1. How big is the charge dipole of the stretch A:14-79 about its Cα centre, in debye rounded to the nearest 20, if each Lys and Arg gets +1 on its Cβ and each Asp and Glu gets -1 on its Cβ?
2. Taking each residue in A:48-55, count the Cβ atoms of any other chain within 10 Å of its Cβ, then average. What number comes out?
3. Taking Cα atoms, how many degrees apart are the long axis of helix A:44-53 and the longest axis of chain A, rounded to 10 and kept between 0 and 90?
4. Could you tell me the total accessible area buried at the A-B interface, probe 1.4 Å, in square angstrom to the nearest hundred?
5. Sum -39500 (n - 2.57) across every DSSP H segment of at least 4 residues in chain A, then divide by the residue count to get the 222 nm mean residue ellipticity, nearest 500.
6. Quick one: divide the alpha-carbon radius of gyration of chain A by 2.2 N^0.38 Å and tell me what you get.
7. In whole percent, how big is the carbon plus sulfur part of the accessible area of the protein assembly as shown, probe 1.4 Å, protein atoms only?
8. Looking only at Cα atoms, what is the convex hull volume of the stretch B:42-93 per residue, in Å³?
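The values are calculated or read from the model by the stated rules, or taken from the named source; none is laboratory data. What you see is a predicted model; the values in this text were computed from it and never measured. Ideal geometry is used to build each Cβ from the backbone, glycine not excepted, and the neighbour counts take in all protein chains shown. Surface accessibility is based on the protein's heavy atoms, side chains included, excluding ligands, DNA and RNA. Shrake-Rupley method; radii C 1.70, N 1.55, O 1.52, S 1.80 Å.
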Protein chains: 2
Amino acid sequence: MESRQLATTVLVGKKPIMNYVLACLATIQSGSNEVVIKARGRAISRAVDVVQILQNRFFKDLKVKDIKIGTEQVQSQTGQTLNVSTIEITVSR
Amino acid sequence: MESRQLATTVLVGKKPIMNYVLACLATIQSGSNEVVIKARGRAISRAVDVVQILQNRFFKDLKVKDIKIGTEQVQSQTGQTLNVSTIEITVSR
């Protein structure tokens, strides 16, 4: 009997930034009061952009609840193990 | 009579990433128990890399105390006002 809405995750990659903003908007409009925005590597700065656009243009009352950073190990095409930084930004209304 | 060490700031930009890691190491070694790592725009992902390298390679006990994200307005060369995302990561031992 979990009454709380589960957070939905939006993974930010290389598509145009408004795609991710719209994905977050859709999640929030559908009744989710929490969205987790994740990104790896260079997309990290784009994840921050997404949150800023959401806050400045759409939801002035959107709060950044938590930001986590970390490292993931990724196998490169040549078989090397690379460390990639990650970010997880939880926003809520 | 402020006895607490003031936090030192390292601004991450376009130089090789180890430059910023070394700047943080120097600050910590000199007795500062807190470093604020700041970056704007695309350098945001590099700031996260700096923190991850510090934690994984140098100080296993380094803690991420606070992460703030925000927006700054920057004047472009053509006179336009651009919004640039910012990050401020406070780490402490």
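1. 180
2. The shielding value for this peptide is 5.
3. Result, in degrees: 10.
4. So the buried area, both faces added, is about 1300 Å².
5. Rounded to the nearest 500, it is -7500 deg cm²/dmol.
6. Ratio of Cα Rg to 2.2 N^0.38 Å: 1.17.
7. 49
8. In the stretch B:42-93, the Cα hull volume divided by residue count equals 69 Å³.
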